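The values are calculated or read from the model by the stated rules, or taken from the named source; none is laboratory data. Predicted model only: the values in this text are computed from it and were never measured. Because the Cβ atoms are built from the backbone with ideal geometry, glycine has one as well, and the counts that use them run over all protein chains shown.
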Amino acid sequence: MDHTSSHAEPVGSVPASAEIPRGGLRSLLRYGRYDFISGFLVFLIALPLCLGISMASGYPPIAGIFTAIIGGIIGTLISNSELTIKGPAAGLIVIAFGAVQELGHGDPILGYQRALGIGVVAGLLQICFGLLRAGALSEFFPSAAVHGMLAAIGIIITSKQVHTILGVAPTAKDPLGLLTEIPRSLANLNPEVALIGGLSLLLLFGLPLIKNRYVRMVPAPMLVVVLSIPLGRYFDLSHQHLYSWHHHIYSVGAQYLVKVPDHLLQAVVGPNFSAVLSGAGLKYVAMFALVGSLESLLSAKATDLLDPWQRKTHMNRDLLAVGIGNTLASFVGGLPMISEIVRSSANINNGARTRAANLFHGLLLLGFVALVPGLIRQIPLAALAAMLVYTGSRLASPKEFVAAYQVGREQLLIFTTTVVVTLLTDLLVGIGAGVAVKAIVHLVRGVPVRALFRSQLTVEVVKPTQSHPELRVRIQGAAVFTNWLGLSQRLRLLLAKHHGETVVLDFTDAKLVDHTVMSKLSELRREVSALQGIVLSIIGLGGHEANSAHPLAARVKPAEPAQRQ
């Protein structure tokens, strides 16, 4: 999942009292012009990102385009999510590249085909997740571990793509080795390639600093492509040749440009299932299915929070759409897909009304690669690598570490543990380590093992001085990430049954309310505030000690002093 946030008002946004747009033929006729414009602008962003993510994953460049096309069609037909954009994401690069490398045993073509087989099985597993209503999967993982996983992904992406920007092939394979090899690549950079990559980075990091509204309307990735293609032609990258600079001889050629076939159907590749039941195969099935589902659900939830109409995605239905899309994409040679947050937030800011924008973006990609593949072959790889480094740097920004510390020192511990273990091992082990550290922190604070998995609730109707009675829900024991799933389900049932009443959550008797639950409660209040007739109040935290000054920091109830005999 690529993290981004935007507080900008969507173009053409309307007040909440106006009619709420919903996908369908009638909405297409009424809002089609808004959705087409937004779909076109998202297409401009998606085209270079799909190519770059594919190549970084060890897949052919066209694989990401296949995924976005299928995601645009399947997402529109099956999911009710009005504003999410379905397609490949930088967050899955690490898994996809690892699958190609490990399953291919040195043969990248075999590794790619076997990775497609893994993708089909993982897609079928995601379909099962959707049918079994596992959309609440994202509720289980602690926030710090999820952000730590994303930061680790950002570091891994950056460690690989910096060398491509410099025009140097690294010898190391693991993330730490690639990071330590950066000084060597800087010393041996290819000047012409590095100039294209450096200018691309300058544009990507510099454009957001310009406050002019018209400049900021230009999609930075497309601007990078528009400027890098003429530079590539000036340096004649399409023909193999030597050049000298500062008494050194360098070689450039078509290997520094994107390679796509002349015809779209030539790129279709079928899956190879021979490695699915191997130990490595099962590991990657689990990673594709679990990490992909988690990223997709979190992105869909984040998109809902940005939706000016506060429409809610049916998470199980959206997961079903992603699973079907992944199965189909892997059958034709595509990358895994998710509901992608960067393109989704751009979709909102560009004024999209319904999920037709997702369809338009997919169809435009189909038309472009089918009609003008020659133009894609002029894009320098260094420009695409710069986009991925920009994305990776945002995922692993120092601000993420600072933000974790501001919530609480234990959050920084969980965050850092997840990052380090992921870099040393893989994503599943990394996020598992983060979950384990979080559980250990709770046990050290005195939370009983049983309370980690089940919270105690008592429900009563009280009549305050005002005329309307209220439903008071008292939470005892601990409210932590491991028992939030069950707690949230019971709370949502109560809210649904008592629509139109005041519901009060009382945490007076709760020993601990961790950061994840504080965050989830904040989200729940925002959801409820969008529903007329429901008032949700949270009380009883005044006697708890906060781990930091952050409003969502964990709350711990101090131990009562022992009475003298």
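Hey, can you tell me all the residues within segment 248-262 that are in contact (Cβ under 8 Å) with a residue 60 or more places away in the chain, assigned to a loop (DSSP other than H, G, I, E, B) and surrounded by fewer than 20 Cβ atoms within 10 Å (Cβ to Cβ)?
Correct list: LYS259, PRO261, ASP262.
Matching residues to (1) over 27 Å from LEU202 (Cα atoms); (2) in the same structural domain as ILE156 (by TED's automatic domain parsing); (3) surrounded by fewer than 22 Cβ atoms within 10 Å (Cβ to Cβ); (4) not aliphatic (A, V, I, L, M):
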residue: GLY374; (1), (2), (3), (4): no, yes, yes, yes
residue: ILE379; (1), (2), (3), (4): no, yes, no, no
residue: ALA403; (1), (2), (3), (4): no, no, yes, no
residue: GLN411; (1), (2), (3), (4): yes, no, no, yes
residue: VAL421; (1), (2), (3), (4): yes, no, no, no
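Out of the residues in segment 423-432 that are touching a residue at least 24 places away in the same chain (Cβ under 8 Å) and surrounded by fewer than 22 Cβ atoms within 10 Å (Cβ to Cβ), which is farthest from LEU294 (Cα to Cα)?
LEU424
Out of PHE368, PHE415, which single residue is touching a residue at least 24 places away in the same chain (Cβ under 8 Å) and closer than 30 Å to ILE37 by Cβ?
Checking each option against the conditions leaves just PHE368.
Restricting the search to segment 290-329, which residues are over 18 Å from the mean Cα position of the chain (by Cα) and either farther than 17 Å from GLU82 by Cβ or free of Cβ contacts under 8 Å to residues at least 40 places away in the same chain (or both)?
Correct list: ILE324, THR327, LEU328, ALA329.
With (1) under 16 Å from the mean Cα position of the chain (by Cα); (2) under 22 Å from SER278 (Cβ atoms) as the list, and GLY71 as the residue in question, which single condition is left unmet?
Going through (1) under 16 Å from the mean Cα position of the chain (by Cα); (2) under 22 Å from SER278 (Cβ atoms) one by one, GLY71 breaks only (2).
With the condition kept exactly as written, say whether any residue in segment 289-298 is part of a helix (DSSP H, G or I), in contact with a Pro (Cβ under 9 Å, 6 or more places away or on another chain) and farther than 19 Å from ALA90 by Cα.
no
Got a number for residues in segment 224-247 being surrounded by fewer than 17 Cβ atoms within 10 Å (Cβ to Cβ) and modelled with pLDDT of 90 or more?
Total meeting the criteria: 14.
Listed residues PRO219, PRO191, PRO175; which is surrounded by 12 or more Cβ atoms within 10 Å (Cβ to Cβ), under 29 Å from LEU424 (Cβ atoms) and of a type outside the set (Ser, Thr, Tyr)?
Being surrounded by 12 or more Cβ atoms within 10 Å (Cβ to Cβ), under 29 Å from LEU424 (Cβ atoms) and of a type outside the set (Ser, Thr, Tyr) holds for just one of PRO219, PRO191, PRO175, which is PRO175.
What do you reckon, is VAL269 surrounded by 19 or more Cβ atoms within 10 Å (Cβ to Cβ) and closer than 25 Å to LEU150 by Cβ?
No, not satisfied.
Between a residue in segment 452-464 that is more than 30 Å from PRO142 (Cβ to Cβ) and any residue that is at pLDDT below 85 and in a strand (DSSP E or B), which pairs come within a Cβ distance under 7 Å, given they are 6 or more apart or on different chains?
Listed by first residue and then by second, the contacts come to VAL461/LEU471; VAL462/GLU470; PRO464/GLU470.
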